[in-house]
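Heads up, the thing below is written out as structure tokens.
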């Protein structure tokens, strides 16, 4: 063969090596030749890498969000049970001191307001009866001073009863002697009285009885006030116990943590 042919052959081989991007020494050439076939493998590698990274990141984000949501949910669920649970004993004491206050503490003042209204009404009636009883008694005392000359200062209530039952001190002492009750005789001048007529004595007696009646009304009212305190205390304790039972029932019916994770994962 002629040399030009050999040179042409070498040139052809060098051209093929150059086309593959390789020199004769086996070193990569700086001049790359890109083709769809040569780019496919790196492209697939990049896609798989990005997909794996995105999946891992999404999974971590889901787990972090689930934990945060779980902590928030547990905190919210624990609030009604711990912060709003109430003491029946405290409610009872509060209503025993001030009727209706324990029901207000239990969140049921719609019931407790009736105890408060009854309390105010009863105290108003008690005050009115005591004031009126004192007024009538004072009228009776002044009447006895004027019409019987009786001095009732420092005397017991029984002395007023005796003034109304006897026309004078002598009649009273005669009755006591007849009964053999010598210890209750009136001998002191301060225990003397004398009515001019039975009508005057009867008028005084009516005033004294009226004063005692209103005094008794006040005592009955005081007993009802105490009863109202007791009833309100029992009612407040009952309502508070019902409130706690309702709060516990609501807490137990709340979905658990597993359901929260499932719903959260589904939403993502």
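Where residues in region 179-200 are touching a helix residue (DSSP H, G or I) at 6+ places or on another chain (Cβ under 7 Å) and under 15 Å from residue 151 (Cα atoms), which of them is surrounded by the fewest Cβ atoms within 10 Å (Cβ to Cβ)?
Filtering region 179-200 for residues that are touching a helix residue (DSSP H, G or I) at 6+ places or on another chain (Cβ under 7 Å) and under 15 Å from residue 151 (Cα atoms), the one surrounded by the fewest Cβ atoms within 10 Å (Cβ to Cβ) comes out as 194.
Only one residue in 149, 164, 112 is surrounded by 18 or more Cβ atoms within 10 Å (Cβ to Cβ) and more than 50 Å from the chain's Cα centre (by Cα). Which one?
Answer to the check: 164.
Is it the case that region 219-238 has a residue that's outside any helix (DSSP H, G or I), over 23 Å from the mean Cα position of the chain (by Cα), without any contact (Cβ under 8 Å) to a residue 12 or more places away in the chain and farther than 30 Å from residue 159 by Cβ?
Residues of region 219-238 that are outside any helix (DSSP H, G or I), as a first pass: none.
Looking for residues that are outside any helix (DSSP H, G or I), over 23 Å from the mean Cα position of the chain (by Cα), without any contact (Cβ under 8 Å) to a residue 12 or more places away in the chain and farther than 30 Å from residue 159 by Cβ, one finds none in region 219-238, hence no.
Answer yes or no: is there a residue in region 116-127 that is surrounded by fewer than 12 Cβ atoms within 10 Å (Cβ to Cβ) and farther than 30 Å from residue 92 by Cα.
no
Given 120, 111, 136, 152, which one is in a helix (DSSP H, G or I) and at pLDDT below 95? Break it down stepwise before answering.
Working: 120 fails: at pLDDT below 95; 136 fails: at pLDDT below 95; 152 fails: in a helix (DSSP H, G or I).
Matching residue, one of 120, 111, 136, 152: 111.
The values are calculated or read from the model by the stated rules, or taken from the named source; none is laboratory data. Quick caveat: nothing in here was measured; it's all calculated off a predicted structure. We place every Cβ from the backbone using ideal geometry, glycine too, and count neighbours over all the protein chains shown.
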